[in-house]
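Below is one structure, written out as structure tokens, with a few remarks after it.
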Amino acid sequence: MALARTKSVAFEGVTARIVDVEANVGPGLPGTYIVGLADKAVAESRDRIKLAAQNSHLPWPKTKIIVSLSPASLRKSGSHFDLPMVLSILFAGASGPYEDHILSTTVFLGEVSLDGGIKPVTGIIPAILAAKNAGYVRVVIPAGNAAEATLCQDMDIRVATALTDVVRFVAGESDLEDAHGSASDVGEDNPTVLDMRDVAGQPEARRAAEIAAAGGHNFLMIGPPGSGKSMIAARLPGLLPDLTPEYKLEATAVHSVAGRTFTGPVIHPPFVAPHHSVTRAALIGGGAGNPVPGAVSLAHRGVLFLDEVSEISASILDSLRTPLEQGYVRLIRSRRDVYFPAKFQLVMAANPCRCGAEEPSACRCSANARARYLNNVSGPLRDRLDMVVRTHAQGSVIRSEEQESTAVIRQRVIEARGRAGHRWARASYPGVINAEIDGAWLRREFPADEEAMEYLAVYLARGDISQRGVDRTLKLAWTIADLAGCDRPDIDHVAQALEFHDYAGGEVAA
């Protein structure tokens, strides 16, 4: 009887945990048995890895093989278990020596093809980070994942194209190429930056997009079809600063776990725009077996745009409330909870009514139907929107003067974020933006000037705004002040912030 052990990982959300992959070769009828809460993809790999070994002319044990994946209570899924399992089996039944210190200090990932090749897998970044945090010396991955792996620094990452290469490496007969030297130049995930100059007119909506970009605020645009709502939303990511190295790694890791084809690191804020028929699982995340991230997580550190929001059910929209508040998604499964990051900026768009007429006099809908059109946007979700802006029919603005470009607006946004960043860093809140600041703390430590706060108090006393609305208005006023280069919001900044709050009682003010 012989035993060999390798290391791999199991995924929980966008994090990974080290898994022991043990193979025992002993007396009994020939066959391979996998234990340890493995899903169907892992269980089906036993025939694949056997043929891969045989087609690579490697000695496969002709006896009973038991593969144990531990901890046994952790669900295992994914084809990346192929490589560590076949290595454990081969070296458990090997007659020749192998370097035990390599097996015990290395984490292996890779899907094995029938001819012995090693195919790329998903989740490379979380796997490497888990190995690094657990103190392992190196990670062996498929060569097809080399470019993605180079985002992880200070870790020995080796790449392989064939099972025989890894076997010789573990046996101490040859070396594997370093991922940082073998990665092909895939460039960066650099989507085309759309220009705000293309948007005709719409000064209020353009201003709202600039404020939203500077402070990370959520907003809703209401206007007739063809008025430019989707154009403005699609151009918002171009106004945002590039992601920091930390955020770049976070966003790329989410896309890796989701199985997205790696075309380069995510350096720009992602823009995710699901169809209005989106399901709750597609929006929030989920799925049978190992949950996958939804649109809110794919938009992590970027923008989530929901067009035709009136066509999305209220229950699906309300599922956004917790991610907006907490910055992550928690999916409850039997025996475990799965977390996905979800710090995104929400932009929604809707027509004023089903017929899309801008003016009530031209509307074919009844007054009640027009008033109820956006009732699926609940009060608590509305309370998380910092701005509601109106767009207008393009006929009146088709001959408008040339607008400011994305580059010009983006420079103002970066300068405003810089002012806010220095302010919050001095107050022991480094790395946050205005929309993320706690409202009660902001009121207490960084209020607007006295006249502006008295102005806000009048709105609160009349019931025109809630206490949360006061906090939201104050955050918005700080962003407007940052864009203006002012040290503190005054009554004009607060008044501008209040002008963006025109949504009350489920009816859009005309």
- Note on the structure: Quick count over segment 38-63, residues being surrounded by 16 or more Cβ atoms within 10 Å (Cβ to Cβ), in a loop (DSSP other than H, G, I, E, B) and out of contact with any strand residue (DSSP E or B) (no Cβ under 6 Å at 6 or more places or on another chain), is 3
- Note on the structure: Checked against (1) of a type in the set (Lys, Arg); (2) on the phi > 0 side of the Ramachandran plot; (3) at pLDDT below 95; (4) within 24 Å of the chain's Cα centre (by Cα), Arg333 satisfies every condition except (2)
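Here's the yes/no breakdown for (1) surrounded by fewer than 17 Cβ atoms within 10 Å (Cβ to Cβ); (2) modelled with pLDDT under 90; (3) under 22 Å from Arg390 (Cα atoms):
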residue: Gly215; (1), (2), (3): no, no, yes
residue: Met221; (1), (2), (3): no, no, yes
residue: Pro224; (1), (2), (3): no, no, yes
residue: Met231; (1), (2), (3): no, no, yes
residue: Pro241; (1), (2), (3): yes, no, no
residue: Glu246; (1), (2), (3): yes, no, no
residue: Arg260; (1), (2), (3): yes, yes, no
residue: Thr263; (1), (2), (3): yes, yes, no
residue: Pro269; (1), (2), (3): no, no, no
- Query: Of all residues in segment 457-485 being over 33 Å from the mean Cα position of the chain (by Cα) and among the small types (Gly, Ala, Ser), which is surrounded by the fewest Cβ atoms within 10 Å (Cβ to Cβ)?
  - Reply: Gly463
- Task: Tell me, yes or no, whether segment 91-99 has at least one residue that is within 23 Å of Arg46 (Cβ to Cβ) and at pLDDT 95 or above.
- Result: no
- So which residues in segment 121-140 are outside any helix (DSSP H, G or I), aliphatic (A, V, I, L, M) and surrounded by 23 or more Cβ atoms within 10 Å (Cβ to Cβ), if there are any at all? Val139, Val140
- Of the conditions (1) within 36 Å of the chain's Cα centre (by Cα); (2) more than 17 Å from Asp386 (Cβ to Cβ); (3) not small (Gly, Ala, Ser), Asp438 fails just one. Which one is it? (2)
- Message: Just to be sure I understand, how many residues within segment 435-463 are of a type in the set (Asp, Glu), in contact (Cβ under 8 Å) with a residue 40 or more places away in the chain and closer than 27 Å to Val347 by Cα?
- Response: 1
- Note on the structure: Per the list (1) touching a strand residue (DSSP E or B) at 6+ places or on another chain (Cβ under 6 Å); (2) within 18 Å of Gly216 (Cα to Cα); (3) among the hydroxyl-bearing types (Ser, Thr, Tyr), residue check on Thr263 breaks on (2)
- Select from segment 282-297 the residues that are out of contact with any strand residue (DSSP E or B) (no Cβ under 9 Å at 6 or more places or on another chain) and among the aliphatic types (A, V, I, L, M) and list them in ascending order. Ala282, Ala288
- Given the conditions (1) under 28 Å from Ile222 (Cβ atoms); (2) at pLDDT below 95, which single one is not true for Gly289? (1)
- Go through (1) at pLDDT 85 or above; (2) assigned to a loop (DSSP other than H, G, I, E, B); (3) surrounded by fewer than 19 Cβ atoms within 10 Å (Cβ to Cβ) one by one and return the number of the condition Ile398 breaks. (1)
- Note on the structure: In the set Val494, Val413, Val470, the lone residue that is assigned by TED's automatic domain parsing to the domain that holds Leu385, in a helix (DSSP H, G or I), closer than 28 Å to Ala350 by Cβ and touching a residue at least 24 places away in the same chain (Cβ under 8 Å) is Val413
- Say whether the condition of being more than 27 Å from Leu476 (Cα to Cα) and not aromatic (Phe, Trp, Tyr) is met by at least one residue in segment 207-217. no
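In segment 345-362, how many are closer than 18 Å to Ile312 by Cβ and free of Cβ contacts under 8 Å to residues at least 60 places away in the same chain? It would help to see each step written out before you state the result.
First, pick out the residues of segment 345-362 that are closer than 18 Å to Ile312 by Cβ: 345-354, 356.
Filter once more, so that each one left must be free of Cβ contacts under 8 Å to residues at least 60 places away in the same chain: 353-354.
Residues in segment 345-362 being closer than 18 Å to Ile312 by Cβ and free of Cβ contacts under 8 Å to residues at least 60 places away in the same chain: 2 in total.
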- Task: State all residues of segment 339-357 that are among the aromatic types (Phe, Trp, Tyr) and in contact with a helix residue (DSSP H, G or I) (Cβ under 9 Å, 6 or more places away or on another chain); if no residue qualifies, say none.
- Result: Phe340, Phe344
- Note on the structure: Checking Arg488, Arg426, Arg444 in turn, the sole residue that is at pLDDT 90 or above, over 28 Å from the mean Cα position of the chain (by Cα) and assigned by TED's automatic domain parsing to the domain that holds Val377 turns out to be Arg426
- Item | Test result for Asp47, under 34 Å from the mean Cα position of the chain (by Cα) and either free of Cβ contacts under 8 Å to residues at least 40 places away in the same chain or within 28 Å of Leu129 (Cβ to Cβ) (or both) | no
- Query: Any residue in segment 88-99 that is among the acidic types (Asp, Glu) and part of a loop (DSSP other than H, G, I, E, B)?
  - Reply: yes
- Note on the structure: Taking segment 280-323 and the residues there that are in a loop (DSSP other than H, G, I, E, B) and among the hydroxyl-bearing types (Ser, Thr, Tyr), the one that is farthest from Thr244 (Cα to Cα) would be Ser313
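The values are calculated or read from the model by the stated rules, or taken from the named source; none is laboratory data. On a predicted model such as this, the values are computed, not experimentally measured, just so you know. Don't worry about glycine lacking a Cβ; one is built from the backbone with ideal geometry, like all the others, and counts go over all protein chains shown.
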